[in-house]
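Report on one structure; see the data block that follows.
Bear in mind these aren't lab numbers, they're just calculated from the coordinates by the rules spelled out. This one's a predicted model, so the numbers in the text were calculated from it and none came from an experiment. Here Cβ is always computed from backbone atoms with ideal geometry, including for glycine, and neighbour counts include all displayed protein chains.
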Amino acid sequence: MPLSIAGFVTGVFAENTYMIFDDASALGAVVDPGEGALGLWREASAGRTLDKILLTHAHIDHILGLGALKDATGAPIYLHAADRFLVEELESIAALYGLEVEPAPLPDVEWKDGDRVRLGETDLEVIHTPGHSPGSVSLRFSEGVFTGDALFAGSIGRTDLPGGSFEVLERSIKERLYRLPEALVIYPGHMGTSTIGEERRSNPFVRG
């Protein structure tokens, strides 16, 4: 049974927070809990259990709602080890944007390339796609892939932040994402959806 997906645009950064549900088990997960994610979860979950919090990466806009969501639900947080420093330094990073935040909870599980994460009866495959940040991952399932800020519809993630590299991101996109089936829908961290095939053919920043 396919996942049910609800996407919400959050905060001043217009970040995409996704609520995903495995309908066979009534379990859910939040991908990249931006600002106000706890309220969005309560609105969208319809009594389902939050089983996991999945971070494609740990830039501030993707974890502003992490602490409240973790405190309220106790759900384990999954993140690649190479992005742990971004969680540890959240308060100082927020200050650069004129924001005051509470310290964020550290990950419970540090996943790596090739891991599979189970949500009820659904498997998500972890694909390490660094370049936007060192620990950026994409999460593939049967019908689509959450690309975080690696690949957008008609664009790519910025590479001028600490740990970013255009050459590394280009390699991640060409060698990891563009080799996935063309029909897979991409669910990016900002803007709208697309498909792997459409981006491979027409993305102006990284062509297949």
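Pairs linking a residue in region 1-27 that is touching a residue at least 40 places away in the same chain (Cβ under 8 Å) to a residue that is crowded, with 20+ Cβ neighbours inside 10 Å and basic (Lys, Arg), with Cβ atoms under 9 Å and 6 or more positions apart or on different chains, are 27/52. You will find that of 166, 152, the residue that is buried (at least 18 other Cβ atoms within 10 Å of the Cβ), touching a Gly at 6+ places or on another chain (Cβ under 9 Å), among the aromatic types (Phe, Trp, Tyr) and under 22 Å from residue 204 (Cα atoms) is 152 and no other.
Could you grab me the full set of residues in region 15-46 that are hydroxyl-bearing (Ser, Thr, Tyr) and within 30 Å of residue 158 (Cα to Cα)? Spell out the reasoning first.
Within region 15-46, the subset hydroxyl-bearing (Ser, Thr, Tyr) is 17-18, 25, 45.
Correct list: 17, 18.
Which of the residues belonging to region 91-107 are surrounded by 15 or more Cβ atoms within 10 Å (Cβ to Cβ) and in contact with a Gly (Cβ under 9 Å, 6 or more places away or on another chain)? 101, 104, 105 - these are the residues of region 91-107 that are surrounded by 15 or more Cβ atoms within 10 Å (Cβ to Cβ) and in contact with a Gly (Cβ under 9 Å, 6 or more places away or on another chain).
Among all residues of region 196-206, there is none that is of a type in the set (D, E, K, R) and part of a loop (DSSP other than H, G, I, E, B). Here residue 138 does not fit the description of being crowded, with 17+ Cβ neighbours inside 10 Å and in contact with a His (Cβ under 6 Å, 6 or more places away or on another chain).
Condition (residue is in contact with a Lys or Arg (Cβ under 7 Å, 6 or more places away or on another chain) and surrounded by fewer than 18 Cβ atoms within 10 Å (Cβ to Cβ)) applied to region 112-119: is it met by at least one residue? No, region 112-119 contains no residue that is in contact with a Lys or Arg (Cβ under 7 Å, 6 or more places away or on another chain) and surrounded by fewer than 18 Cβ atoms within 10 Å (Cβ to Cβ).
Screening residue 17 against (1) buried (at least 23 other Cβ atoms within 10 Å of the Cβ); (2) of a type in the set (S, T, N, Q); (3) farther than 22 Å from residue 188 by Cβ leaves a single unmet condition, (3). With respect to residue 183, is the statement that it is touching a residue at least 40 places away in the same chain (Cβ under 8 Å) and more than 17 Å from residue 55 (Cα to Cα) true? The answer is no for residue 183.
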